[in-house]
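So the structure is just underneath, and the comments pick up after that.
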Amino acid sequence: MMDRERRSGLNSVLVLISVCVLFFFLFSQVITKQRLFVPGPPSYGADESILMVSAEDGTQLAVFWGPVPGATKTVFYFHGNGEDLGQVNFILSNYRLQGVNVLSFDYRGYGLSEGEPTEKSTYRDANAVLDFAVANLGVDAERVVLHGRSLGGGVAMELASTRGAAGLVLESTFLSVYRLFLPFSGLPGDKFVNYRKAPKVSCPTLIIHGRSDTVVPFGHGEELSTLLPAELVKTLWVEGVGHNDLVDRASATYWASLRGFLSGI
């Protein structure tokens with residue numbers, strides 16, 4: 001009798017675990033397909049600043065290259081979800097005015113890039129674009145500053161934690177995808193798990209976040225700043241701005257902070 005009860009209890013636990021695993025798998029798939037990657041139609045056309053670069057599997061990626069004569073540093077900029085190279089052109093242009101080369105690319109399915117985006121493809125493609133720039137565009141791998149906004153912060157964090165960088169800028173970046181919806185960590189299937197990678201970063205880091213951000217709440221940026229090595233971190237907390245109006249409403253402070261950060265590395 002007791003053995004049957006134990007087996008029944010064990011079966012109930014296994015069923016519950018299976019249901020939870022299935023739930024989190026489906027949750028992961030829904031978030032990935034409906035919220036994580038939302039490319040729109042291209043906002044730009046081909047011109048001399050856009051290079052088509054082959055990923056390791058042959059997929060063609062749209063790459064922006066903006067060299068500045070005499071510049072030794074290169075900012076590798078990773079845009080957010082729902083954006084493409086055309087929509088962030090003002091950021092790329094302003095960066096060049098700071099005296100640095102600028103490199104950026106569209107994730108698969110964004111802008112003129114081919115393919116379907118996934119978390120892992122953004123990592124592989126970012127590495128491929130950087131390797132291409134070092135081999136063909138004269139970019140100094142030791143003088144690359146990675147700047148990621150929102151979703152792009154996850155790509156920047158991956159490169160900074162695996163291959164290093166001269167500097168890292170995380171703008172409106174989240175702890176992980178699940179943490180945008182759940183108050184706890186450690187569940188299977190999570191994406192862009194930045195909180196686990198932060199302690200592995202070994203370069204100067206600037207974290208920028210609006211205190212009124214309702215897309216990626218301010219607490220995400222604040223917690224990331226505590227997970228990175230304290231001696232490497234600088235922060236810019238911007239009062240009264242949210243996720244998509246930060247640069248417009250805090251332009252002078254934003255660019256002054258970036259200039260100061262770039263000059264110190």
**Prompt:** Across segment 126-167, what is the total count of residues that are of a type outside the set (K, R) and assigned to a helix (DSSP H, G or I)?
**Reply:** 25
**Message:** Can you find, within segment 108-128, the residue that is nearest to the chain's Cα centre (by Cα) among those that are farther than 18 Å from P42 by Cβ and among the aliphatic types (A, V, I, L, M)?
**Reply:** A126
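In segment 47-55, is there at least one residue being closer than 18 Å to N136 by Cα, surrounded by fewer than 14 Cβ atoms within 10 Å (Cβ to Cβ) and at pLDDT 90 or above?
First, pick out the residues of segment 47-55 that are closer than 18 Å to N136 by Cα: 48-55.
Restricting the remaining residues to those that are surrounded by fewer than 14 Cβ atoms within 10 Å (Cβ to Cβ) gives 48, 52, 54.
Filter once more, keeping what is at pLDDT 90 or above: 52, 54.
Yes.
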**Message:** Suppose we keep only residues that are over 22 Å from G210 (Cβ atoms) and under 12 Å from the mean Cα position of the chain (by Cα) within segment 162-194. Which one would you say is modelled with the lowest pLDDT?
**Reply:** K191
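I'd like the full set of residues that are over 23 Å from L262 (Cα atoms), out of contact with any Lys or Arg (no Cβ under 8 Å at 6 or more places or on another chain) and crowded, with 16+ Cβ neighbours inside 10 Å, limited to segment 191-211. So that I can check it myself, show each step before the final result.
To start, the set of residues in segment 191-211 that are over 23 Å from L262 (Cα atoms) comprises 191-193, 195-196, 211.
After this cut, where a residue has to be out of contact with any Lys or Arg (no Cβ under 8 Å at 6 or more places or on another chain) as well, the list is 191-193, 196, 211.
Listed by number, the residues that qualify are K191, F192, V193.
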**Asked** Do any residues in segment 238-265 that are closer than 20 Å to T205 by Cα and crowded, with 18+ Cβ neighbours inside 10 Å have Cβ atoms under 8 Å from those of residues that are modelled with pLDDT under 95 and of a type in the set (G, A, S), where the two are at least six apart or on different chains, and which pairs are they?
**Response** none
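Test D84 against the stated conditions and say whether it is in a loop (DSSP other than H, G, I, E, B), within 30 Å of G260 (Cα to Cα) and of a type in the set (D, E).
Values: in a loop (DSSP other than H, G, I, E, B): yes; within 30 Å of G260 (Cα to Cα): yes; of a type in the set (D, E): yes.
So D84 passes the test.
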**Fill in**
Residues in segment 168-189 that are touching a residue at least 60 places away in the same chain (Cβ under 8 Å), within 23 Å of V238 (Cα to Cα) and among the small types (G, A, S) total 1
**Prompt:** Looking at (1) among the small types (G, A, S); (2) over 24 Å from T72 (Cβ atoms); (3) surrounded by fewer than 21 Cβ atoms within 10 Å (Cβ to Cβ), which is the only condition A128 fails?
**Reply:** (2)
**Request:** Identify, from the list V134, V155, V102, V139, the residue that is surrounded by 18 or more Cβ atoms within 10 Å (Cβ to Cβ) and either without any contact (Cβ under 8 Å) to a residue 40 or more places away in the chain or aromatic (F, W, Y) (or both).
**Result:** V102
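The values are calculated or read from the model by the stated rules, or taken from the named source; none is laboratory data. Quick caveat: nothing in here was measured; it's all calculated off a predicted structure. Cβ sites come from the backbone with ideal geometry, for glycine too, and all protein chains shown count toward neighbours.
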